[in-house]
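Read the structure below first, then the notes.
Read-outs throughout are calculated quantities, based only on the coordinates presented, and are distinct from any laboratory measurement. Computed from a predicted model, the values in this text were never measured in an experiment. Glycine also receives a Cβ, built like all others from the backbone with ideal geometry; neighbour counts cover every protein chain displayed.
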């Protein structure tokens with residue numbers, strides 16, 4: 001008898017273990033696909049796989065299996081009551097309300113489902129067993145929302161007529177994946193101010209998952225006639241599943257210019273004539289004479305001459321002495337601020353011929369002294385003309 005009861009209990013336990021089943025390991029959702037930020041319902045079908053009236057007071061609980069799942073999904077209603085599932089093969093569906101956190105990264109997240117119920121009667125007609133069945137690794141698939149953004153650029157300030165190698169860095173700051181991402185630089189909107197040299201305007205970024213970084217490198221040519229100012233060049237990112245997003249490259253075309261310099265030697269001074277021969281204004285223009293072996297400067301070695309528009313010119317005056325026995329080459333620097341606010345220094349070189357070794361330091365004092373002495377002699381002769389006349393008469 002005891003052996004019969006033991007066999008009966010084992011068979012009963014095996015039968016209880018089969019009373020709950022789910023049709024698939026993937027959780028069914030109210031809306032598909034599920035995205036970060038969504039509030040939706042998850043459905044879990046429960047089927048009576050036993051024999052007879054075995055499942056009473058059925059409750060179903062949904063629980064995250066891992067920390068990653070708990071961080072990704074908040075289960076707003078985690079327990080659902082199904083009542084009684086009477087017959088073998090009958091199915092009921094548990095429903096759970098969930099909220100997907102907005103920063104959840106695309107992927108599969110795992111949950112466990114616990115089904116608790118009153119099951120098969122044992123040898124006592126009034127006794128029922130309370131059983132719990134666990135469904136492992138129920139999968140909730142979450143689709144992410146990719147967002148590929150331009151996060152870094154080597155482009156800052158460019159000069160008209162220049163060529164430079166530039167790098168753009170992109171990052172997928174979203175939660176989804178973009179397959180076969182392509183970056184396209186749209187220079188058509190710049191009225192031919194810029195050109196991308198080499199292999200075209202489209203560059204592959206590959207497959208970019210959430211957090212991935214990719215870079216492209218190209219040669220940017222700026223037209224010699226590009227007007228100074230700020231430009232925004234569109235960059236469009238496209239990928240599979242109709243992904244598309246627009247970015248902008250911001251850059252400045254600096255109003256750089258050039259100068260023509262000549263010199264004039266005058267009594268007591270040496271002046272440079274500085275003309276703006278470029279196409280852009282220059283602010284805070286200054287002429288600097290660095291220390292050099294052929295010439296020495298008395299007083300300040302820098303002269304600020306102000307702002308020069310294209311075609312304007314002005315003079316900077318210095319006191320210059322030629323070093324005896326040295327050459328005639330003079331070094332100078334033109335310093336100015338361009339239209340973007342950047343300071344530039346342009347070196348210049350002149351061949352200078354001074355009239356004498358000290359020509360640059362000549363003053364008019366010697367000439368005035370000579371004329372003063374002559375004037376004094378004339379006055380003395382005029383005042384003493386009577387005595388002088390008498391003197392000459394006596395000697396006759």
**Complete:** FRET efficiency (residue 67, residue 145; Cβ distance; R0 30 Å; to 0.05) is 0.85
**Request:** Round to a whole angstrom and tell me the spacing of the C-alpha centers of segment 60-104 and segment 311-325.
**Result:** 88
**Asked** Using the count of nearby Cβ atoms within 10 Å as a rough guide to exposure, how do 262, 269 rank from fewest to most?
**Response** 262, 269
**Complete:** Once normalised by the length of segment 259-361, the mean sequence separation of its alpha carbon contacts under 8 Å that are 6 or more apart gives a contact order in percent of 32
**Request:** Measure off 7 Å from each Cα along the Cα-to-Cβ vector at residue 240 and residue 300, then give the distance between these two points in nanometres to one decimal.
**Result:** 6.9
**Message:** Between segment 264-309 and segment 25-51, what is the separation of their alpha carbon centroids in Å?
**Reply:** 81
**Message:** Against the empirical 2.2 N^0.38 Å scaling, what ratio does the C-alpha Rg of segment 148-253 come to?
**Reply:** 1.09
